[in-house]
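The values are calculated or read from the model by the stated rules, or taken from the named source; none is laboratory data. No experiment lies behind these values; they were computed from the predicted model shown. Counting neighbours? That spans all protein chains shown, and the Cβs are built from the backbone with ideal geometry, glycine included. These area figures cover heavy atoms from the full protein model, side chains too; ligands, DNA and RNA do not enter into them. Shrake-Rupley method; radii C 1.70, N 1.55, O 1.52, S 1.80 Å.
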Amino acid sequence: IAQGIITQINEDSRHRLWVGSWNHGFWLIDTQDHIVNYRDRPQLPSNFVRTFCEDNQGRIWMGTYLGLVCYTPSTQQWQTFTAQSQQGSLTDSSIWSIIRDAQGTLWLGTYFGGVNYFNPEYEIYTQYRVSDTPGGGLSSPIVGRMTEDNFGKLWICTEGGGLNVYDRRTKRFTWYGYPGSMISQKNLKCIHFDSLRNVLWVGTHLGGLDRIDLTT
């Protein structure tokens, strides 16, 4: 792989690597180091591939600039979902991030449609949008990377709205903006949860790296 800006590298359960890029589709690298570039393929709605996630059935979900793509390795079938696919589906076709929670459900972060909670078995979406006040929704419609902590809370990076936390038990959001809070920047790019130490690492745009101890 010698070209393009790399967006994410994901290892699936078969130890294959899925490598996304800005303008060159994605590369699939198997355990024998065979590399296949998927670019300008009819299965892809866009060559801008941002993120990957494997579900409990071994299907690979891809977030692209123009839609959500599902690839089923056992049947080699491809399926695309967009905001126009069906009523009540995605709030936005531009997918920034995908994570699978402990229950196997997918959380989709979109560019301007907030967060979509997606059950792939039944194609049921729950939509979380922007709110004018904390508690009722997101602080920004532009959602980046997300992660789940040990208590099932969802930590959500936003662009311009700081860090959002969704508690599924209370169904409430908490906002951590800046200044005056534990986040040094409102524009957040990446997040990682260290479950052993109960620590969050948050990468910001021009604000450095934040370390958040959830115990203290």
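Annotations
- Kirkwood hydrodynamic radius of the stretch 161-216, from the reciprocal of the average inverse Cα-Cα distance over all distinct pairs: 11.9 Å.
- Span per principal axis, largest first, for the Cα atoms of the stretch 113-188 (Å): 42, 26, 21
- For His34, the solvent-accessible surface computed with a 1.4 Å probe is close to 110 Å², ligands and nucleic acids excluded.
- Glu121/Arg14 FRET efficiency (R0 22 Å; Cβ-Cβ; nearest 0.05): 0.55
- With 0.36 nm allotted per residue and the present C-alpha distance subtracted, the Arg211-Leu28 stretch has 62.6 nm of extension available.
- Straight-line cross-link reach from Lys171 at under 16 Å between alpha-carbon atoms covers these lysines, not counting any fewer than eight positions away in the same chain: Lys153.
- Distance in nm between pseudo-label sites at Cys190 and Gln103 (7 Å out along the Cβ direction from Cα): 3.0
- Cβ-derived FRET efficiency at R0 45 Å, Thr72 paired with Thr170, nearest 0.05: 0.80
- Hits among aspartates and glutamates - C-alpha to C-alpha of Lys189 under 14 Å, sequence gap 8 or more where chains match: Glu159, Asp210
- Each label was represented as a point 7 Å from its Cα along the Cα-to-Cβ direction; for Gln79 and Asp149 these points are 3.4 nm apart.
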